[in-house]
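Taking it in order: structure first as C-alpha coordinates, then the write-up.
The values are calculated or read from the model by the stated rules, or taken from the named source; none is laboratory data. Everything quoted here is computed from the prediction, not taken from an experiment. Here the Cβ is made from the backbone with ideal geometry for all residues, glycine too, and neighbour counts use every protein chain on show. Quick note on the areas: whole protein, heavy atoms, side chains included, nothing else; ligands and nucleic acids left out. Shrake-Rupley method; radii C 1.70, N 1.55, O 1.52, S 1.80 Å.
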Amino acid sequence: MLEKDLRISDTVSVGLALFLWDRTALLRERLERHFPSLWRMIYVVALLRVCGDCRFKRLGLHYEHSLLAYLFPSLSFHPSNIAELLNLIGKDRESIRHFLREDFANKESFILFDGHRLITASRTMEYAEIGYDSKMRYKPQTNLLYIFSLEDIGAPLYYKQYTGSTPDVSAFSDILTEAQITGKNYTVIADKGFGSQDDFALMEDFRIKNIIPLKRGNQYVKNKVPVGPSGYTQGFTYHGRGIHANTYEYKGFHVHLYLDSRLYSDEYADSVERLEKNNNAIVKRRELEEQRRSNGKGKLTDAELALLVPKSISQMHKENPEMGTVTIRTNRLDLNAQQVYEVYKQRQEIEQFFKTYSDTMEFEASYMRNTTTQEAWLFLNHLSSMIGIGLIQEIAHIGQSKNVSLKDLTQTLSKITASKIGGKWQVAPIKKSVMTLLQKMKTSVSDADVEKAMEEAPSIAS
(Lines give C-alpha, C1' and ligand atoms only; values in the text may rest on other atoms or scores of the structure.)
Protein backbone atom coordinates (compact mmCIF):
# COMPACT_ATOMS: atom_id res chain seq x y z
CA MET A 1 0.00 0.00 0.00
CA LEU A 2 1.34 3.41 -0.97
CA GLU A 3 1.92 5.83 1.87
CA LYS A 4 -0.43 8.82 1.83
CA ASP A 5 2.43 11.27 2.27
CA LEU A 6 4.69 9.65 -0.34
CA ARG A 7 5.38 11.90 -3.32
CA ILE A 8 7.24 10.24 -6.16
CA SER A 9 9.40 12.78 -8.00
CA ASP A 10 9.18 13.29 -11.77
CA THR A 11 12.97 13.69 -11.80
CA VAL A 12 14.75 10.78 -10.16
CA SER A 13 18.22 9.32 -9.70
CA VAL A 14 18.72 6.62 -12.32
CA GLY A 15 22.47 6.02 -12.58
CA LEU A 16 23.01 3.81 -9.55
CA ALA A 17 19.62 2.11 -9.83
CA LEU A 18 20.30 1.03 -13.44
CA PHE A 19 23.87 0.06 -12.65
CA LEU A 20 22.72 -2.23 -9.83
CA TRP A 21 19.65 -3.45 -11.72
CA ASP A 22 21.83 -4.99 -14.42
CA ARG A 23 24.13 -6.64 -11.86
CA THR A 24 21.57 -8.08 -9.45
CA ALA A 25 19.29 -10.17 -11.67
CA LEU A 26 20.43 -13.36 -9.91
CA LEU A 27 19.87 -11.76 -6.50
CA ARG A 28 16.28 -10.87 -7.48
CA GLU A 29 15.65 -14.44 -8.56
CA ARG A 30 17.11 -15.90 -5.35
CA LEU A 31 15.14 -13.56 -3.10
CA GLU A 32 11.90 -14.34 -4.94
CA ARG A 33 12.40 -18.07 -4.37
CA HIS A 34 13.21 -17.81 -0.68
CA PHE A 35 11.01 -14.84 0.29
CA PRO A 36 8.09 -14.93 -2.19
CA SER A 37 5.92 -12.41 -0.31
CA LEU A 38 8.68 -10.07 0.86
CA TRP A 39 11.34 -10.16 -1.82
CA ARG A 40 10.44 -6.86 -3.57
CA MET A 41 10.72 -4.85 -0.37
CA ILE A 42 13.87 -6.72 0.70
CA TYR A 43 15.50 -6.14 -2.68
CA VAL A 44 14.69 -2.41 -2.80
CA VAL A 45 15.85 -1.87 0.78
CA ALA A 46 19.13 -3.69 0.05
CA LEU A 47 19.79 -1.52 -3.01
CA LEU A 48 18.88 1.73 -1.29
CA ARG A 49 21.26 0.95 1.59
CA VAL A 50 24.18 0.46 -0.81
CA CYS A 51 24.11 4.23 -1.28
CA GLY A 52 25.64 4.66 2.17
CA ASP A 53 22.73 5.99 4.23
CA CYS A 54 21.67 2.84 6.06
CA ARG A 55 19.08 4.45 8.39
CA PHE A 56 15.64 2.96 7.88
CA LYS A 57 13.92 6.27 8.59
CA ARG A 58 15.60 7.76 5.52
CA LEU A 59 14.74 4.98 3.08
CA GLY A 60 11.39 6.49 2.10
CA LEU A 61 13.04 9.74 1.03
CA HIS A 62 15.64 7.89 -1.05
CA TYR A 63 12.92 5.74 -2.58
CA GLU A 64 10.87 8.79 -3.63
CA HIS A 65 13.83 10.18 -5.58
CA SER A 66 15.01 6.92 -7.17
CA LEU A 67 14.06 5.05 -10.32
CA LEU A 68 13.31 2.15 -7.96
CA ALA A 69 10.02 3.87 -7.10
CA TYR A 70 8.97 3.34 -10.72
CA LEU A 71 10.47 -0.13 -11.09
CA PHE A 72 8.78 -1.28 -7.85
CA PRO A 73 5.85 1.09 -7.26
CA SER A 74 3.59 1.32 -4.21
CA LEU A 75 6.09 0.15 -1.60
CA SER A 76 5.52 1.60 1.86
CA PHE A 77 8.34 2.85 4.06
CA HIS A 78 6.18 4.00 6.94
CA PRO A 79 7.83 3.08 10.29
CA SER A 80 5.11 0.52 11.02
CA ASN A 81 5.74 -1.19 7.68
CA ILE A 82 9.49 -1.25 8.25
CA ALA A 83 8.93 -2.71 11.72
CA GLU A 84 6.68 -5.41 10.26
CA LEU A 85 9.24 -6.21 7.55
CA LEU A 86 12.03 -6.60 10.11
CA ASN A 87 9.92 -8.88 12.30
CA LEU A 88 8.90 -11.08 9.38
CA ILE A 89 12.45 -11.45 8.10
CA GLY A 90 13.96 -11.92 11.54
CA LYS A 91 11.58 -14.73 12.48
CA ASP A 92 12.44 -16.65 9.32
CA ARG A 93 16.03 -17.73 9.95
CA GLU A 94 15.25 -20.93 8.03
CA SER A 95 14.71 -19.02 4.77
CA ILE A 96 17.80 -16.93 5.47
CA ARG A 97 19.80 -20.11 6.01
CA HIS A 98 18.61 -21.65 2.74
CA PHE A 99 19.37 -18.41 0.90
CA LEU A 100 22.92 -18.33 2.29
CA ARG A 101 23.48 -22.04 1.69
CA GLU A 102 23.16 -21.55 -2.08
CA ASP A 103 26.59 -19.97 -2.19
CA PHE A 104 28.11 -23.25 -1.00
CA ALA A 105 26.31 -25.46 -3.50
CA ASN A 106 28.55 -27.60 -5.70
CA LYS A 107 31.68 -25.64 -4.85
CA GLU A 108 35.09 -27.06 -4.15
CA SER A 109 36.53 -24.08 -2.41
CA PHE A 110 38.64 -22.49 0.25
CA ILE A 111 36.50 -20.78 2.88
CA LEU A 112 37.62 -18.26 5.44
CA PHE A 113 36.27 -17.78 8.95
CA ASP A 114 36.40 -14.63 11.05
CA GLY A 115 34.50 -13.03 13.90
CA HIS A 116 33.42 -9.41 14.24
CA ARG A 117 32.03 -7.54 17.23
CA LEU A 118 29.02 -5.29 16.68
CA ILE A 119 28.18 -2.53 19.13
CA THR A 120 24.53 -2.17 20.12
CA ALA A 121 22.81 0.84 21.64
CA SER A 122 19.82 -1.23 22.78
CA ARG A 123 19.37 -2.21 26.42
CA THR A 124 16.86 -4.92 25.54
CA MET A 125 18.99 -6.91 23.07
CA GLU A 126 19.17 -10.48 24.38
CA TYR A 127 22.48 -11.31 22.71
CA ALA A 128 24.24 -8.10 23.74
CA GLU A 129 26.77 -8.36 26.55
CA ILE A 130 29.26 -5.89 27.94
CA GLY A 131 32.80 -6.57 26.78
CA TYR A 132 35.83 -5.32 24.88
CA ASP A 133 36.08 -5.53 21.12
CA SER A 134 39.21 -5.24 18.95
CA LYS A 135 39.02 -1.44 19.30
CA MET A 136 38.93 -1.77 23.11
CA ARG A 137 35.42 -0.30 23.35
CA TYR A 138 33.79 -1.46 26.56
CA LYS A 139 30.17 -1.47 25.38
CA PRO A 140 27.28 -3.91 24.86
CA GLN A 141 28.07 -6.02 21.82
CA THR A 142 27.11 -9.12 19.88
CA ASN A 143 29.45 -11.55 18.15
CA LEU A 144 29.01 -11.92 14.39
CA LEU A 145 30.76 -14.95 12.88
CA TYR A 146 31.25 -14.81 9.11
CA ILE A 147 32.28 -17.28 6.41
CA PHE A 148 33.90 -15.98 3.22
CA SER A 149 34.79 -17.43 -0.16
CA LEU A 150 38.39 -17.37 -1.34
CA GLU A 151 37.35 -18.16 -4.91
CA ASP A 152 35.41 -14.88 -5.13
CA ILE A 153 38.11 -12.78 -3.44
CA GLY A 154 36.66 -12.60 0.04
CA ALA A 155 32.98 -12.52 -0.90
CA PRO A 156 30.68 -12.98 2.13
CA LEU A 157 28.90 -16.35 2.11
CA TYR A 158 27.34 -17.05 5.46
CA TYR A 159 26.88 -15.46 8.88
CA LYS A 160 25.34 -16.11 12.27
CA GLN A 161 25.05 -13.96 15.37
CA TYR A 162 25.97 -15.09 18.88
CA THR A 163 26.02 -13.56 22.34
CA GLY A 164 28.79 -11.05 22.93
CA SER A 165 30.59 -13.37 25.34
CA THR A 166 30.71 -16.28 22.89
CA PRO A 167 34.28 -16.83 21.68
CA ASP A 168 34.69 -17.45 17.96
CA VAL A 169 35.97 -20.95 18.61
CA SER A 170 32.89 -21.88 20.66
CA ALA A 171 30.60 -20.89 17.79
CA PHE A 172 32.73 -22.78 15.27
CA SER A 173 30.99 -26.15 15.63
CA ASP A 174 27.55 -24.58 15.55
CA ILE A 175 28.04 -22.64 12.34
CA LEU A 176 29.76 -25.59 10.63
CA THR A 177 26.70 -27.70 11.41
CA GLU A 178 24.13 -25.11 10.37
CA ALA A 179 25.93 -24.23 7.13
CA GLN A 180 26.37 -27.98 6.46
CA ILE A 181 30.10 -27.60 5.81
CA THR A 182 31.46 -31.12 5.82
CA GLY A 183 33.56 -33.32 3.57
CA LYS A 184 36.51 -32.99 1.29
CA ASN A 185 35.17 -30.10 -0.81
CA TYR A 186 36.12 -27.44 1.71
CA THR A 187 39.37 -26.13 3.16
CA VAL A 188 38.94 -23.87 6.17
CA ILE A 189 41.29 -20.90 6.53
CA ALA A 190 41.03 -19.15 9.87
CA ASP A 191 43.09 -17.10 12.32
CA LYS A 192 45.04 -18.15 15.40
CA GLY A 193 41.89 -18.19 17.51
CA PHE A 194 40.86 -21.40 15.74
CA GLY A 195 44.19 -23.16 16.30
CA SER A 196 43.48 -25.16 19.46
CA GLN A 197 43.66 -28.95 19.64
CA ASP A 198 39.87 -29.05 20.12
CA ASP A 199 39.36 -27.09 16.92
CA PHE A 200 41.62 -29.39 14.91
CA ALA A 201 39.79 -32.40 16.35
CA LEU A 202 36.47 -30.79 15.43
CA MET A 203 37.56 -30.22 11.84
CA GLU A 204 38.77 -33.80 11.65
CA ASP A 205 35.34 -34.98 12.79
CA PHE A 206 33.76 -32.87 10.04
CA ARG A 207 36.36 -34.25 7.58
CA ILE A 208 37.36 -30.70 6.68
CA LYS A 209 40.76 -29.71 5.36
CA ASN A 210 42.31 -26.70 7.04
CA ILE A 211 45.04 -24.08 6.92
CA ILE A 212 45.41 -22.49 10.36
CA PRO A 213 48.20 -20.29 11.80
CA LEU A 214 49.60 -21.21 15.20
CA LYS A 215 50.64 -18.95 18.03
CA ARG A 216 54.31 -18.34 18.55
CA GLY A 217 55.92 -20.66 21.03
CA ASN A 218 53.75 -23.57 19.88
CA GLN A 219 54.92 -27.12 20.53
CA TYR A 220 55.58 -27.95 16.87
CA VAL A 221 58.39 -25.45 16.23
CA LYS A 222 59.63 -24.81 19.76
CA ASN A 223 63.43 -24.99 19.76
CA LYS A 224 63.38 -25.55 16.00
CA VAL A 225 63.50 -21.92 14.85
CA PRO A 226 66.75 -21.25 12.92
CA VAL A 227 68.89 -18.35 14.06
CA GLY A 228 68.94 -16.85 10.57
CA PRO A 229 67.87 -17.27 6.91
CA SER A 230 70.61 -19.82 6.26
CA GLY A 231 68.81 -22.28 8.53
CA TYR A 232 65.82 -22.52 6.19
CA THR A 233 65.62 -25.02 3.35
CA GLN A 234 63.08 -23.28 1.10
CA GLY A 235 62.66 -19.77 -0.24
CA PHE A 236 60.33 -17.75 -2.46
CA THR A 237 59.06 -14.21 -2.93
CA TYR A 238 55.63 -12.88 -2.06
CA HIS A 239 54.64 -9.39 -3.23
CA GLY A 240 58.28 -8.40 -3.51
CA ARG A 241 59.37 -9.66 -0.08
CA GLY A 242 61.65 -12.60 0.60
CA ILE A 243 60.11 -15.55 2.46
CA HIS A 244 62.16 -18.44 3.89
CA ALA A 245 60.46 -21.67 4.95
CA ASN A 246 60.94 -24.99 6.70
CA THR A 247 58.41 -27.83 6.66
CA TYR A 248 58.00 -30.25 9.57
CA GLU A 249 56.02 -33.43 8.90
CA TYR A 250 53.70 -34.90 11.51
CA LYS A 251 51.17 -37.71 11.29
CA GLY A 252 48.33 -36.45 9.13
CA PHE A 253 49.48 -32.85 8.85
CA HIS A 254 52.39 -30.54 8.06
CA VAL A 255 53.64 -27.52 9.98
CA HIS A 256 55.28 -24.80 7.87
CA LEU A 257 57.56 -22.29 9.57
CA TYR A 258 58.15 -19.06 7.63
CA LEU A 259 60.61 -16.21 8.08
CA ASP A 260 59.17 -13.07 6.47
CA SER A 261 61.99 -10.64 5.71
CA ARG A 262 59.77 -7.55 5.86
CA LEU A 263 57.98 -8.69 9.00
CA TYR A 264 61.35 -9.40 10.62
CA SER A 265 62.63 -5.95 9.64
CA ASP A 266 59.54 -4.25 11.10
CA GLU A 267 59.57 -6.28 14.31
CA TYR A 268 63.33 -5.85 14.71
CA ALA A 269 63.08 -2.06 14.35
CA ASP A 270 60.21 -1.96 16.85
CA SER A 271 62.04 -4.21 19.33
CA VAL A 272 65.25 -2.17 19.10
CA GLU A 273 63.31 1.05 19.67
CA ARG A 274 61.63 -0.40 22.75
CA LEU A 275 64.98 -1.82 23.91
CA GLU A 276 66.61 1.60 23.66
CA LYS A 277 63.80 3.25 25.64
CA ASN A 278 63.91 0.58 28.35
CA ASN A 279 67.72 0.71 28.56
CA ASN A 280 67.68 4.50 28.83
CA ALA A 281 65.10 4.28 31.60
CA ILE A 282 67.22 1.67 33.41
CA VAL A 283 70.36 3.79 33.13
CA LYS A 284 68.57 6.87 34.48
CA ARG A 285 67.02 4.90 37.32
CA ARG A 286 70.42 3.42 38.24
CA GLU A 287 72.11 6.83 38.12
CA LEU A 288 69.37 8.30 40.32
CA GLU A 289 69.75 5.51 42.86
CA GLU A 290 73.55 5.89 42.91
CA GLN A 291 73.15 9.62 43.47
CA ARG A 292 70.72 9.00 46.33
CA ARG A 293 73.16 6.49 47.86
CA SER A 294 75.97 9.01 47.68
CA ASN A 295 73.82 11.21 49.89
CA GLY A 296 72.96 8.30 52.20
CA LYS A 297 69.33 8.15 50.97
CA GLY A 298 69.27 5.02 48.84
CA LYS A 299 65.81 3.46 48.21
CA LEU A 300 66.65 0.20 46.47
CA THR A 301 68.17 -2.94 47.91
CA ASP A 302 71.46 -4.21 46.51
CA ALA A 303 69.54 -7.03 44.78
CA GLU A 304 67.16 -4.56 43.13
CA LEU A 305 70.06 -2.36 42.06
CA ALA A 306 71.88 -5.34 40.57
CA LEU A 307 68.89 -5.99 38.29
CA LEU A 308 69.16 -2.53 36.75
CA VAL A 309 71.37 -3.65 33.87
CA PRO A 310 70.66 -2.71 30.24
CA LYS A 311 69.87 -5.62 27.92
CA SER A 312 71.94 -6.40 24.85
CA ILE A 313 70.73 -7.10 21.31
CA SER A 314 71.66 -10.77 21.74
CA GLN A 315 69.50 -10.99 24.87
CA MET A 316 66.64 -9.42 22.95
CA HIS A 317 66.93 -12.13 20.30
CA LYS A 318 67.04 -14.89 22.91
CA GLU A 319 63.82 -13.61 24.48
CA ASN A 320 62.09 -13.45 21.09
CA PRO A 321 63.62 -16.16 18.86
CA GLU A 322 60.52 -16.25 16.60
CA MET A 323 60.81 -12.63 15.53
CA GLY A 324 59.54 -12.23 11.97
CA THR A 325 58.16 -15.77 11.78
CA VAL A 326 54.74 -17.20 10.95
CA THR A 327 53.75 -20.82 11.66
CA ILE A 328 50.94 -22.52 9.77
CA ARG A 329 49.50 -25.98 10.35
CA THR A 330 47.63 -27.75 7.54
CA ASN A 331 46.35 -31.16 6.56
CA ARG A 332 46.47 -30.15 2.88
CA LEU A 333 49.48 -32.37 2.25
CA ASP A 334 49.15 -31.77 -1.49
CA LEU A 335 50.20 -28.12 -1.09
CA ASN A 336 53.82 -27.07 -0.65
CA ALA A 337 55.02 -24.34 1.71
CA GLN A 338 54.73 -21.56 -0.87
CA GLN A 339 51.20 -22.56 -1.89
CA VAL A 340 50.04 -22.74 1.72
CA TYR A 341 51.50 -19.30 2.44
CA GLU A 342 49.89 -17.70 -0.63
CA VAL A 343 46.50 -19.21 0.15
CA TYR A 344 46.63 -18.09 3.78
CA LYS A 345 47.55 -14.54 2.83
CA GLN A 346 44.25 -14.21 1.00
CA ARG A 347 42.71 -13.67 4.44
CA GLN A 348 43.66 -10.04 3.97
CA GLU A 349 40.56 -9.71 1.78
CA ILE A 350 38.47 -10.09 4.93
CA GLU A 351 39.86 -6.79 6.18
CA GLN A 352 38.39 -5.11 3.09
CA PHE A 353 34.99 -6.66 3.81
CA PHE A 354 34.79 -5.51 7.41
CA LYS A 355 36.13 -2.08 6.47
CA THR A 356 33.34 -1.80 3.89
CA TYR A 357 30.79 -3.27 6.33
CA SER A 358 31.64 -0.98 9.24
CA ASP A 359 33.00 2.23 7.73
CA THR A 360 31.67 2.66 4.20
CA MET A 361 28.21 1.19 4.75
CA GLU A 362 28.09 2.18 8.43
CA PHE A 363 26.87 -1.20 9.72
CA GLU A 364 29.16 -1.02 12.76
CA ALA A 365 26.46 -0.32 15.36
CA SER A 366 22.91 -1.61 15.74
CA TYR A 367 19.86 0.11 17.18
CA MET A 368 17.67 -2.98 16.96
CA ARG A 369 15.77 -3.80 20.15
CA ASN A 370 15.77 -7.60 20.05
CA THR A 371 17.40 -10.56 18.34
CA THR A 372 14.55 -10.90 15.85
CA THR A 373 14.95 -7.44 14.35
CA GLN A 374 18.72 -7.77 14.73
CA GLU A 375 18.56 -10.91 12.58
CA ALA A 376 16.69 -9.00 9.88
CA TRP A 377 19.12 -6.09 10.14
CA LEU A 378 22.05 -8.48 9.69
CA PHE A 379 20.45 -10.12 6.65
CA LEU A 380 19.79 -6.78 4.98
CA ASN A 381 23.38 -5.78 5.82
CA HIS A 382 24.58 -9.00 4.22
CA LEU A 383 22.68 -8.33 0.99
CA SER A 384 23.98 -4.77 0.71
CA SER A 385 27.49 -5.96 1.53
CA MET A 386 27.31 -8.66 -1.15
CA ILE A 387 26.49 -5.95 -3.67
CA GLY A 388 29.12 -3.55 -2.30
CA ILE A 389 31.93 -6.12 -2.36
CA GLY A 390 30.92 -7.04 -5.90
CA LEU A 391 31.31 -3.40 -6.94
CA ILE A 392 34.70 -3.16 -5.20
CA GLN A 393 35.84 -6.25 -7.11
CA GLU A 394 34.62 -4.69 -10.34
CA ILE A 395 36.52 -1.48 -9.62
CA ALA A 396 39.66 -3.53 -8.94
CA HIS A 397 39.16 -5.48 -12.17
CA ILE A 398 39.44 -2.29 -14.25
CA GLY A 399 42.49 -1.15 -12.28
CA GLN A 400 40.84 1.83 -10.61
CA SER A 401 41.11 0.84 -6.92
CA LYS A 402 43.49 3.71 -6.15
CA ASN A 403 41.30 6.29 -7.88
CA VAL A 404 37.72 5.20 -7.22
CA SER A 405 36.27 3.99 -3.91
CA LEU A 406 32.92 2.33 -3.41
CA LYS A 407 31.53 5.57 -2.00
CA ASP A 408 32.93 7.52 -4.97
CA LEU A 409 31.19 5.16 -7.36
CA THR A 410 27.79 5.12 -5.65
CA GLN A 411 27.70 8.87 -5.07
CA THR A 412 28.78 9.63 -8.63
CA LEU A 413 26.20 7.31 -10.16
CA SER A 414 23.47 8.58 -7.81
CA LYS A 415 23.86 12.05 -9.34
CA ILE A 416 22.81 10.84 -12.81
CA THR A 417 19.15 11.78 -13.13
CA ALA A 418 16.31 11.37 -15.61
CA SER A 419 12.95 13.08 -16.02
CA LYS A 420 9.67 11.72 -17.31
CA ILE A 421 8.56 14.10 -20.06
CA GLY A 422 5.46 13.38 -22.11
CA GLY A 423 5.42 9.80 -20.93
CA LYS A 424 9.04 9.23 -22.04
CA TRP A 425 12.19 9.10 -19.98
CA GLN A 426 15.00 11.53 -20.73
CA VAL A 427 18.41 11.23 -19.02
CA ALA A 428 20.09 14.50 -18.09
CA PRO A 429 23.48 15.28 -19.71
CA ILE A 430 26.28 13.23 -18.14
CA LYS A 431 29.72 14.71 -17.45
CA LYS A 432 32.55 13.44 -19.64
CA SER A 433 34.50 12.07 -16.63
CA VAL A 434 31.45 10.13 -15.45
CA MET A 435 30.82 8.81 -18.97
CA THR A 436 34.45 7.60 -19.09
CA LEU A 437 33.95 5.73 -15.80
CA LEU A 438 30.75 4.13 -17.13
CA GLN A 439 32.57 2.98 -20.24
CA LYS A 440 35.39 1.45 -18.19
CA MET A 441 32.82 -0.46 -16.15
CA LYS A 442 31.13 -1.61 -19.36
CA THR A 443 27.77 -0.04 -18.61
CA SER A 444 25.63 2.78 -19.92
CA VAL A 445 22.88 5.06 -18.66
CA SER A 446 20.68 6.27 -21.49
CA ASP A 447 17.02 6.94 -22.27
CA ALA A 448 16.84 3.48 -23.86
CA ASP A 449 18.36 1.86 -20.76
CA VAL A 450 15.68 3.41 -18.54
CA GLU A 451 12.91 2.33 -20.89
CA LYS A 452 14.34 -1.21 -21.05
CA ALA A 453 14.37 -1.51 -17.24
CA MET A 454 10.80 -0.20 -17.11
CA GLU A 455 9.73 -2.83 -19.61
CA GLU A 456 11.39 -5.61 -17.58
CA ALA A 457 10.03 -4.43 -14.24
CA PRO A 458 6.27 -5.11 -14.58
CA SER A 459 6.73 -8.85 -15.12
CA ILE A 460 9.23 -9.01 -12.27
CA ALA A 461 7.35 -6.85 -9.79
CA SER A 462 3.87 -8.20 -10.52
2 or more residues under 30 Å from S385 (Cα atoms): qualifying helices (runs of 4 or more DSSP H) within the range 250-364: 337-344, 348-355
Residues satisfying the stated conditions in the range 216-241, i.e. open to solvent by 30 Å² or more (accessible area, probe 1.4 Å) and more than 15 Å from E319 (Cα to Cα): Q219, P229, S230, G231, T233, Q234, G235, T237, H239, G240, R241
Residue satisfying all of: in the range 178-188; surrounded by 16 or more Cβ atoms within 10 Å (Cβ to Cβ) and assigned to a loop (DSSP other than H, G, I, E, B); modelled with the highest pLDDT among these: A179
Residue selected from the range 203-218 under the condition among the aliphatic types (A, V, I, L, M) and more than 22 Å from the chain's Cα centre (by Cα), by the criterion farthest from E322 (Cα to Cα): I208
Condition met for I175 (open to solvent by less than 40 Å² (accessible area, probe 1.4 Å) and in contact with a helix residue (DSSP H, G or I) (Cβ under 8 Å, 6 or more places away or on another chain)): no
Any hit, the range 74-85, residues being within 25 Å of E456 (Cβ to Cβ), modelled with pLDDT of 95 or more and either open to solvent by less than 20 Å² (accessible area, probe 1.4 Å) or small (G, A, S) (or both): yes
E349, sole failed condition from (1) open to solvent by 40 Å² or more (accessible area, probe 1.4 Å); (2) at pLDDT 90 or above; (3) acidic (D, E); (4) touching a Leu at 6+ places or on another chain (Cβ under 9 Å): (2)
Residue that is open to solvent by 80 Å² or more (accessible area, probe 1.4 Å), within 30 Å of D174 (Cβ to Cβ) and in contact (Cβ under 8 Å) with a residue 12 or more places away in the chain, where the choices are D198, D205, D191: D198
Considering residues of the range 390-430 that are of a type in the set (V, I, T) and over 20 Å from E351 (Cβ atoms) only, the residue most open to solvent (accessible area, probe 1.4 Å): I421
Verdict on Q426 being in contact (Cβ under 8 Å) with a residue 40 or more places away in the chain and either out of contact with any Pro (no Cβ under 8 Å at 6 or more places or on another chain) or more than 30 Å from L118 (Cβ to Cβ) (or both): no
Candidates S66, S95, filtered to the one that is under 30 Å from E451 (Cα atoms) and modelled with pLDDT of 80 or more: S66
